[in-house]
Amino acid sequence: MDIDFSLPQYSEIPGVGLFLEQVSKYINEVLAPLGEADLTGSMISNYVKKGIVDNPVRKQYSRDQIACLIYIAMAKNVLSLDDVAVMIRLLKESCDVKTAYEYFREEFPSVLKAVFENREIAAKTSGSELKQISRNISITIAHKIYLDKIFKQLTTEDGKLLK
């Protein structure tokens with residue numbers, strides 16, 4: 001099984017404010033190849049209410065907010081929402097959203113490819129503890145995507161094993 005996936009560069013994320021439904025549609029399209037897409041407007045509103053994502057300005061979401069939401073949409077499948085909130089807060093305290101997003105965007109495809117090719121993921125001993133945590137989250141997300149795709153191949157629509 002093989003997968004070729006990349007996240008949009010920070011500069012490719014829409015810079016003009018997007019409304020709630022446009023944001024969910026955009027993120028779902030970006031993540032569709034992973035099978036992870038299912039971010040709804042009510043989920044986004046919930047993240048805003050919980051303070052995980054900043055409030056939209058005039059009901060429009062900025063590039064920073066969309067980048068955070070892409071990360072949240074991926075991480076929420078392997079972390080509790082409270083842990084996602086802690087990670088977002090730690091990242092924002094450490095660097096700007098663009099830097100954090102670009103690190104994740106650059107790291108994730110290579111980790112995903114290694115998981116799908118059943119290759120050992122090389123340990124990185126340099127970098128901050130926060131980078132190590134972020135890398136481990138990427139690895140966990142990649143393994144979850146891999147397992148979801150494997151189990152989807154092994155079962156029928158009603159959950160029975162294929163012969």
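Restricting to region 123-142, name every residue that is without any contact (Cβ under 8 Å) to a residue 60 or more places away in the chain and either within 20 Å of ASP4 (Cβ to Cβ) or β-branched (Val, Ile, Thr) (or both).
Correct list: THR125, ILE133, SER138, ILE139, ALA142.
Of the residues that make up region 36-44, is at least one farther than 20 Å from LYS144 by Cα, modelled with pLDDT of 95 or more and hydrophobic (A, V, I, L, M, F, W, C)?
yes
Only one of these conditions is not met by LEU90: (1) assigned to a helix (DSSP H, G or I); (2) touching an Asp or Glu at 6+ places or on another chain (Cβ under 7 Å). Which number is it?
Condition (2) is where LEU90 drops out.
Output the number of residues of region 1-50 satisfying the condition of being of a type in the set (Val, Ile, Thr), surrounded by 14 or more Cβ atoms within 10 Å (Cβ to Cβ) and in a loop (DSSP other than H, G, I, E, B).
Qualifying residue count, region 1-50: 2.
Of the numbered conditions (1) at pLDDT 90 or above; (2) exposed (fewer than 15 other Cβ atoms within 10 Å of the Cβ); (3) not aliphatic (A, V, I, L, M), GLY127 satisfies every one except a single condition; which is it?
So GLY127 meets the others, but not (1).
The values are calculated or read from the model by the stated rules, or taken from the named source; none is laboratory data. The shown structure was predicted, so the numbers you read here are calculated from the model rather than taken from an experiment. Positions of Cβ are backbone-derived with ideal geometry, glycine not excepted, and every protein chain shown enters the neighbour counts.
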